[in-house]
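Readers should treat all values here as calculations from the given coordinates under stated rules, not as data from a laboratory. Because the structure is predicted, anything quoted here is derived from the model rather than measured. A quick note on method: Cβ atoms are made from the backbone with ideal geometry, for glycine too, and the neighbour counts reach across all protein chains shown.
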Amino acid sequence: MTTLTCQNYLDGQWLDAFTKNTLDSCNPALVSEVVATFPRSQAEDVDKAVAAARKAYISWRKVPAPARAEYIFRVGELLLQHKEELAQLISREMGKPLTEARGDVQEGIDCAFYSAGEGRRLFGVTTPSEMPNKFAMTVRMPIGVCALITPWNFPVAIPCWKAMPALVCGNTVILKPAEDTPACATKLVEIFAAAGLPPGVINLVHGVGEEVGKALVEHPDIDLVSFTGSSETGAYVGATCGRTHKRVCLEMGGKNAQVVMEDADLELALDGAVWGAFGTTGQRCTATSRLILHRDIKEQFTTMLYERAAKLRLGAGYDPDTEIGPIINRRQLQRVNEYMHIARAEGAKILIGGEIARDGLLKEGNFFLPTILDNVTPEMRVAREEIFGPVVALIEVNSFEEAIAILNDTKYGLSSSVYTRNINRAFAAMRDIEAGITYINGPTIGAEVHLPFGGVKQTGNGHREAGTTALDVFTEWKSVYVDFSGSLQRAQIDNRN
Ligand code: ADP
């Protein structure tokens with residue numbers, strides 16, 4: 001494979017970093033293969049991006065929203081045309097199986113058409129005034145220059161989730177993609193550029209989080225930061241945005257659980273558990289990392305799960321036989337491995353997996369065997385901390401109430417799932433689970449772009465991405481009063497004594 005050369009995209013031009021320094025991204029299934037070289041940008045590059053976005057904002061906010069949306073429709077069409085090429089690149093640079101990589105792009109396509117449709121809505125409200133001859137309404141206003149800081153696990157979908165609604169709403173954006181997936185971000189921004197967006201409306205700055213990401217978050221001329229990533233970085237981003245008075249939307253960790261009750265369809269629950277826990281190698285924010293099993297089915301279900309996990313085929317994402325791809329990088333591979341020591345030390349039992357894969361070609365990449373941890377209790381670290389790998393912890397419970405209490409016993413609150421045939425339990429679960437997303441008889445993964453995406457508690461900061469809720473992230477409300485009486489009318493607070 002030839003190594004791709006990526007550049008920053010600033011004010012409509014493709015440029016190297018000011019310092020000319022570069023970094024490499026590699027194929028996680030074959031770490032000796034360099035996929036791309038990309039700029040190691042610094043504060044100077046960020047300054048240029050912010051200046052370009054600020055300048056472009058002056059006219060972009062005045063482009064009618066339906067016309068702004070037409071650019072995003074075009075991005076959607078181009079994504080459709082380039083879907084396979086992008087999916088191949090995602091598989092090579094991020095590692096996920098091709099079918100899932102196509103899904104990553106498809107999510108971008110869905111988001112394009114959904115967000116672009118909003119260009120003809122962006123509804124406000126009209127409402128009666130207290131006074132005669134006075135008109136009252138609300139309108140959405142763009143916020144300004146938005147920094148979009150994104151992770152590597154959905155290298156196309158997540159930047160689309162953020163950039164598309166931001167642009168339709170009239171903001172200009174600077175994308176700072178993850179260090180592990182610069183080529184995916186570059187191809188995506190090439191598509192935005194090919195859709196004809198005016199210079200400066202979308203900018204791309206590559207580099208290290210602590211350098212270029214930090215420079216963005218600290219920059220005084222950025223109005224909003226939308227961040228998806230780890231809780232540690234998110235806490236820093238949130239605190240810095242608080243200090244520097246920026247709007248901020250945070251999507252952070254999860255410790256998602258699937259409950260399987262004794263009345264569940266076990267085959268269905270098994271399909272859900274395998275997909276939820278091991279799909280994308282457990283590297284989705286919504287991945288199932290706890291399985292809460294009723295004691296009556298625990299043994300049977302564990303055997304069924306074991307048999308399925310034992311058959312999963314590991315390999316490079318672009319190999320059509322692969323079911324489980326690699327882990328993104330060596331650091332994360334080691335982190336997952338360390339959790340095995342922690343699990344053992346705390347008394348959990350590793351039923352299957354629990355180690356770095358070393359067979360044949362697998363040792364050339366960052367592969368970890370699909371892992372089931374048994375005898376896990378809710379206070380163990382493996383039941384509380386996000387691992388972000390192909391690892392699922394089994395917790396036995398005696399009742400539905402106990403299952404929900406354990407599911408909720410976490411600082412996170414992103415996704416959740418309950419398998420039951422009992423309608424009363426299903427509705428109680430929908431009411432009582434503390435999470436931004438609840439699935440009934442479906443796995444914890446599988447969000448659709450027209451519904452809000454995000455979590456409660458320490459997963460987020462009260463915002464939701466996707467759906468019409470994304471508009472609330474990327475706009476602010478203005479209340480407009482139009483007095484056509486021709487005289488000063490004081491509001492009720494001032495005229496009723
Ligand atoms: P992970 O690597 O576990 O996905 P991170 O939170 O480290 O999670 O990374 C998510 C995104 O945040 C990446 O684009 C990364 O470069 C960026 N990032 C990391 N550290 C900082 C920081 N201090 N300031 C701003 N962005 C950062």
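Return the Rg/Rh value of the chain, two decimal places, where both radii are evaluated on C-alpha atoms and Rh is the Kirkwood radius. Write down the numbers at each step before the final one.
Details: Rg = 24.0 Å, Rh = 23.7 Å.
Answer for the chain: 1.01.
Fewest Cβ neighbours within 10 Å first, please rank TRP60, TRP152 accordingly.
Listed from fewest to most nearby Cβ atoms, that is TRP60, TRP152.
Grab every C-alpha pair in segment 256-440, bin the distances at 5 angstrom width from 0 up to the longest one, and report whole percents.
Pair shares across the bins are 1, 9, 18, 22, 20, 15, 9, 4, 2, 0, 0.
By per-residue mean of other Cβ atoms within 10 Å, what is the highest-first order of 381-392, 122-133, 434-445?
Listed from highest to lowest mean packing, they are 381-392, 434-445, 122-133.
With charges only on Cβ, +1 for K and R and -1 for D and E, what is the dipole size of segment 256-440 about its Cα centre, in debye, rounded to 20?
Here the size comes out at about 540 debye.
With the cut-off at 16 Å, report for segment 85-174 the share of all Cα pairs above it, as a whole percent. Don't skip to the end; give the middle numbers.
Details: 2558 of 4005 pairs.
Above the 16 Å cut-off, segment 85-174 has 64 percent of its Cα pairs.
Taking the beta-carbon count within 10 Å as an exposure proxy, list MET430, MET1, MET164 from fewest neighbours to most.
Working: MET430 13, MET1 9, MET164 29.
Going from least to most buried by this count: MET1, MET430, MET164.
Would you compute, from DSSP H runs of 4+ residues alone, the mean residue ellipticity of the chain at 222 nm, taking -39500 (n - 2.57) per run and dividing by the full residue count, rounded to the nearest 500?
Dividing the helical sum by the residues of the chain leaves -12000 deg cm²/dmol.
Relative contact order for the chain: what is it in percent, counting Cα pairs under 8 Å that are at least 6 residues apart? Each step should come with its number before you reach the end.
Numbers: 1172 pairs, mean separation 88.8, N = 497.
With pairs under 8 Å counted, the relative contact order is 18 percent.
As a quick test, which of the pairs LYS96/LYS349; LYS162/LYS457; LYS134/LYS246; LYS311/LYS411; LYS55/LYS214; LYS48/LYS246 have an alpha carbon distance above 24 angstrom in this structure?
LYS96/LYS349; LYS134/LYS246; LYS311/LYS411
Which value does Rg/Rh take for segment 438-497 over its C-alpha atoms, Rh per Kirkwood?
1.32
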